[in-house]
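One structure is given below, encoded as structure tokens.
The values are calculated or read from the model by the stated rules, or taken from the named source; none is laboratory data. Note that the coordinates shown come from a computational prediction; the quantities given were computed from them, not determined experimentally. Glycine gets a Cβ as well: all are built from the backbone with ideal geometry, and neighbour counts include every protein chain shown.
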Amino acid sequence: MFPAQAIKKLNDIEARFDLLVSQMNDPEYGADYQKYMQAAKSKGEIEEVTLAYKRYNHAAQEVISAEELIKSAEGEEREFYQEELELARIERDRLEEKLRLLLLPKDRNDSKNVLIEIRAAAGGEEAKLFAGELFRMYTRYTERRGWKTEILNVQETGIGGVQEANFEIIGKGAYSQLKFEGGVHRVQRVPVTESSGRIQTSTVTVAVMPEADEVEVVLVESELIEDIYHSSSAGGQNVQKVATAIRLTHKPTGIVVTCQDERSQLQNKIKARKAMRAKLFELEMEKAAASDRGARRSQVGSGERSEKIRTYNFPDGRVTDHRIQATLYNVAGVLDGDIQPFIDGLISADQVEKLRDSMEENE
């Protein structure tokens with residue numbers, strides 16, 4: 001059963017929902033377009049939890065009714081009501097679990113687009129090759145979800161690897177799905193450049209940042225250094241006669257972003273500023289988390305770049321996520337974008353941890 005605090009919160013949400021519905025059905029209220037749209041937005045934000053709570057109350061009443069009927073029933077009639085009671089209990093318990101999840105604190109960034117930064121770390125050329133494979137993995141995952149990828153900057157190597165890749169994934173809820181991908185990804189295999197057949201371990205870091213809009217992060221132009229230069233391909237060859245690539249440096253923090261994907265200097269400027277806002281927003285999020293020492297630290301990991309989160313073992317054909325101890329024996333499929341099983345497991349683990357914390361707070 002729900003604690004009294006949760007019941008009060010649910011009752012307040014239901015009352016708020018009913019009030020909004022009543023207001024929206026009032027022609028006089030609806031004549032004010034701005035007020036009506038604000039009410040519609042507020043109603044939409046609490047509609048799922050309200051309807052689930054109404055169904056939960058109905059199911060709970062069905063349990064009570066069935067229990068009362070069983071007391072006076074006999075024979076087949078008693079068996080019938082016993083079956084009805086079991087079904088009502090199952091439905092009540094299912095809705096109770098759903099409501100517990102709906103009441104969990106929401107990450108305000110979950111609905112946002114996401115910016116991803118991939119960097120080759122330890123392992124030389126092999127790390128760069130693996131960075132290129134992870135870049136493809138995320139673009140393939142994006143295609144599977146029907147989302148869109150916008151490249152900000154890719155520094156390719158001469159043998160098909162990637163030193164660094166910065167790109168945005170545009171899609172509803174992209175951050176909610178990919179926010180646990182941040183950390184160190186480790187590959188174990190025999191490099192193509194290794195003649196002795198020895199297995200090498202290489203690493204690639206992945207940073208995942210929610211997109212920040214201009215209201216959340218205001219860029220002060222006096223704090224920025226903007227350099228304009230020629231885009232270059234692998235090997236440093238100039239590919240454009242006109243300088244369109246942008247390098248943006250934030251003087252107070254030393255953060256640097258580059259964008260050279262677009263042929264238009266203006267488009268590169270816009271993308272570079274978007275990337276800079278995301279990095280500054282990530283910095284503020286990290287500061288907020290660090291200042292709150294009592295904050296929950298989820299078992300699925302902090303997403304810090306120093307944290308080893310996943311190993312791709314080619315000799316055994318397996319990929320293991322160390323945070324949830326999940327293994328898939330399908331390296332090729334995972335690197336082709338089939339990472340949803342890991343994502344679902346990570347989200348579930350995070351929800352379990354939040355539920356545990358919520359129950360402890362209400363004890």
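Quick notes on this one:
- Test for residue 126: is it of a type outside the set (S, T, N, Q), in the same structural domain as residue 69 (by TED's automatic domain parsing) and more than 13 Å from residue 59 (Cα to Cα): no
- Qualifying positions in the stretch 152-174 - surrounded by 21 or more Cβ atoms within 10 Å (Cβ to Cβ) and farther than 18 Å from residue 273 by Cα: 161, 162, 174
- Filtered residues of the stretch 53-76 (kept if assigned to a helix (DSSP H, G or I) and either at pLDDT below 90 or not assigned by TED's automatic domain parsing to the domain that holds residue 18 (or both)): 71, 72, 75, 76
- For the stretch 86-97, the criterion of being modelled with pLDDT under 90, closer than 28 Å to residue 4 by Cα and not assigned by TED's automatic domain parsing to the domain that holds residue 148 is met by at least one residue.
- For the criterion of being in contact (Cβ under 8 Å) with a residue 60 or more places away in the chain and surrounded by fewer than 14 Cβ atoms within 10 Å (Cβ to Cβ), residue 22 fails.
- Candidate set: the stretch 116-162, residues that are under 26 Å from residue 244 (Cα atoms) and of a type in the set (S, T, N, Q); chosen: the one farthest from the chain's Cα centre (by Cα): 157
- Residues that are closer than 20 Å to residue 122 by Cα and touching a residue at least 40 places away in the same chain (Cβ under 8 Å) within the stretch 132-154 comprise 133, 134, 136, 137, 154, listed in sequence order.
- Subset of the stretch 121-151 (residues that are closer than 13 Å to residue 191 by Cα, charged (D, E, K, R) and either touching an Asp or Glu at 6+ places or on another chain (Cβ under 9 Å) or surrounded by 22 or more Cβ atoms within 10 Å (Cβ to Cβ) (or both)): 126, 128
- In the stretch 18-38, residue farthest from residue 106 (Cα to Cα) [restricted to those that are aliphatic (A, V, I, L, M) and at pLDDT 90 or above]: 24
A quick yes/no check of all residues on (1) outside the structural domain of residue 224 (by TED's automatic domain parsing); (2) modelled with pLDDT of 85 or more; (3) in contact with a strand residue (DSSP E or B) (Cβ under 7 Å, 6 or more places away or on another chain); (4) not hydrophobic (A, V, I, L, M, F, W, C):
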residue	(1), (2), (3), (4)
283	no, no, no, no
287	no, no, no, yes
310	no, yes, yes, yes
313	no, yes, yes, yes
322	no, yes, yes, yes
334	no, yes, yes, no
343	no, yes, no, no
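- Listed by first and then second residue, the pairs with beta-carbon distance under 6 Å, at least 6 apart or on different chains, first residue in the stretch 246-268 and more than 15 Å from residue 223 (Cβ to Cβ), second of a type in the set (D, E, K, R) and outside any strand (DSSP E or B), are 246/269; 259/271; 268/262.
- Boolean, residue 130 is at pLDDT 90 or above, in contact with a His (Cβ under 9 Å, 6 or more places away or on another chain), in a helix (DSSP H, G or I) and of a type in the set (Phe, Trp, Tyr): yes
- The single condition from (1) closer than 30 Å to residue 229 by Cα; (2) modelled with pLDDT of 85 or more that residue 269 fails is (2).
- Among the residues of this structure, residue 100 counts as one that is surrounded by fewer than 17 Cβ atoms within 10 Å (Cβ to Cβ), touching a helix residue (DSSP H, G or I) at 6+ places or on another chain (Cβ under 9 Å), modelled with pLDDT under 90 and assigned to a helix (DSSP H, G or I).
- Among the conditions (1) buried (at least 16 other Cβ atoms within 10 Å of the Cβ); (2) modelled with pLDDT under 80; (3) assigned to a loop (DSSP other than H, G, I, E, B), residue 338 misses just one, which is (2).
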